[in-house]
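First comes the structure, then the notes that go with it.
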Amino acid sequence: MSSTLNDLLPRFADFVAERNIDYIQLFNSDFLLDNNAFDECKIMENINEKFQELGAYDRSLLIIDMDSLCGVNISKSESTMGPTTSFSLSNGKLFNFGIHAINTKIQMTETKEIWIALACKNSYLLNIAKQSLNWRKTPKQIEQDNIEEENNTKVKVCKRCNQKYLEVDNKLGACSYHDGFLFQSSKKPELWTPLEDEVEINSIKADPKVNDLGLKYICCLENVTSQGCKKDKHNQYGYNLTNYYDKFVALKKAKK
Ligand SMILES: [Zn+2]
Ligand SMILES: [Zn+2]
């Protein structure tokens, strides 16, 4: 369920009436506070106790507020592929313990009705909870997974370094490239000009005598056949050259 707990309460009320539930337990961070469960041992003890309590009733409902219990850290970072957002759990132990307890509890019940509702707003948390519980996938999710699978196993050509790669092997550092333009270092400095025309650059690279032209990359001052000085993942977007004009102008001046 991707909703806040408060939005879900009317639905829980309907469910409780419909199933004739005789015991409800809400499990969230307030519950831990109320029970003075601050350290890990105490928290685990509390969870265990609550799970056991459920078994004492014929029809019970446990509502677990995943967002408040497990918490999700969000970190944003910039890379050459644009801004990326990554998530991590603030309390992975509590998450694992909860999932484990739910799995074992479900297996234990044959005569009693024990309902466990996970309330989860954060989509990252929701996905890992579903995965951990072997949640049945919807046709839409299956389709999405298939697309992702196909994407992962299709051979692609990197728009930056022209190497072939598979998305599954595409790790940080797989792609080496230069992020600066080429210039003719064997000429007099006043005649240096940035080479930025792709067609021209590709025809130069295709020529084995290319080093005779003294072409160097402004980023690292290595020659045109050198391995890239920057590392990243392969990508399908190509890249923008970093602005090295200040360095270029300074270098021209220094060499005069
Ligand atoms: Zn370079
Ligand atoms: Zn690449």
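Every read-out reported here was derived from the displayed coordinates using simple, explicitly stated rules and does not represent laboratory data. As the structure is a computational prediction, the values presented were derived from the model and not from experiment. As a convention, Cβ positions derive from the backbone with ideal geometry for all residues, glycine included, and neighbour counts pool all protein chains shown.
Please arrange Asp30, Asp179 by how many other C-beta atoms lie within 10 Å of their C-beta, fewest to most.
Numbers: Asp30 11, Asp179 20.
Fewest-to-most ranking of Asp30, Asp179: Asp30, Asp179.
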Notebook entry, point to check: Once you put a point 7 Å from the Cα of Tyr245 and another 7 Å from the Cα of Ile204, both along the Cβ direction, what distance in nm separates them?
Noted result: 1.9
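In which sequence would Cys161, Cys229 go, from the one with the fewest C-beta neighbours within 10 Å to the one with the most?
Details: Cys161 18, Cys229 15.
If I rank by nearby Cβ atoms, fewest first, I get Cys229, Cys161.
Taking the number of other C-beta atoms within 10 Å as the exposure measure, put Tyr217, Tyr57 in order starting with the fewest. Show your work: numbers first, answer last.
On the way: Tyr217 21, Tyr57 16.
Fewest-to-most ranking of Tyr217, Tyr57: Tyr57, Tyr217.
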Next item on the list: In nm, give the distance between the simple-model label positions of Asn170 and Ser77, each being 7 Å from the Cα along the Cα-to-Cβ direction.
Entry: 1.7
Check: For region 242-249, in order, what is each residue's ³J(HN,Hα) by Karplus, 6.51 cos²θ - 1.76 cosθ + 1.60 with θ = phi - 60°, in whole Hz (x at glycine and Pro)?
Finding: 6, 7, 10, 5, 4, 5, 4, 5
Check: Taking only the alpha-carbon positions of the chain and ignoring solvent, what does the Debye formula give for the base-10 log of I(q)/I(0) at q = 0.08, 0.12, 0.17 Å⁻¹?
Finding: -0.57, -0.83, -1.28
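Rounded, prolate or oblate: which fits region 5-136 when a ≥ b ≥ c are the square roots of the eigenvalues of the alpha-carbon gyration tensor, with rounded for a/c under 1.5 and prolate only if a/b beats b/c?
Working: a/c = 2.03, a/b = 1.69, b/c = 1.20.
It is prolate, given that a/c is not under 1.5 and a/b is the larger ratio.
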Notebook entry, point to check: Can you give me the Cα centroid spacing of region 89-150 and region 1-78 in angstrom?
Noted result: 14
Margin query: Can you give me the C-alpha center-to-center distance between region 183-237 and region 153-173, rounded to a whole angstrom?
Written below: 22
Next item on the list: Go through region 141-156 residue by residue and turn each phi into a ³J(HN,Hα) via Karplus (6.51, -1.76, 1.60, θ = phi - 60°); whole Hz please, and just put x for glycine and proline.
Entry: 5, 4, 4, 4, 4, 5, 4, 5, 4, 5, 4, 6, 10, 7, 6, 10
Note to self: Suppose only helical runs count, i.e. DSSP H with n ≥ 4. What mean residue ellipticity at 222 nm does that imply for the chain under -39500 (n - 2.57) per run, divided by all residues and rounded to the nearest 500 deg cm²/dmol?
What the structure shows: -12500 deg cm²/dmol
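Report the charge-dipole magnitude of the chain in Debye, nearest 20, computed about the Cα centre from +1 at each Lys and Arg Cβ and -1 at each Asp and Glu Cβ. Intermediate results must be reported in sequence, preceding the final value.
Details: 33 positive and 35 negative charges, 336 e Å.
In debye, rounded to 20, the chain gives about 1620.
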Next item on the list: Place a label point 7 angstrom from the Cα of Asn162 along the Cα-to-Cβ direction, then list the residues of region 236-255 whose backbone nitrogen is under 16 Å away.
Entry: 238-239
Item checked: Under 20 Å from Lys159, Cα to Cα: lysines that are on another chain or at least 8 residues apart -> Lys171, Lys205, Lys230, Lys231, Lys233
Note to self: Check which residues have an amide H placed less than 5 Å from Leu118's amide H, if you skip close sequence neighbours.
What the structure shows: Ile64
Check: Could you give me the ³J(HN,Hα) list for region 40-49, computed from phi with Karplus coefficients 6.51, -1.76, 1.60 and θ = phi - 60°, whole Hz, x at Gly and Pro?
Finding: 4, 4, 5, 4, 4, 4, 4, 5, 3, 4
Check: What is the spin-label model distance, in nm, from Lys140 to Asn91 if the labels are put 7 Å beyond Cα along the C-beta direction?
Finding: 3.1
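For Cα pairs less than 8 Å apart in space and 6+ apart in sequence, what is the mean separation divided by the residue count of the chain, i.e. the relative contact order in percent? Provide the component values of the computation, followed by the final result.
Numbers: 328 pairs, mean separation 42.8, N = 256.
Result for the chain is 17 percent.
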Check: Which lysines have a Cα lying under 23 Å from the Cα of Lys112, excluding residues fewer than 8 positions away in the same chain?
Finding: Lys50
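Which whole-number percent gives the relative contact order of region 129-170, counting Cα pairs below 8 Å spaced six or more residues apart? Please report the intermediate quantities before stating the final value.
Working: 22 pairs, mean separation 11.0, N = 42.
For region 129-170, the relative contact order is 26 percent.
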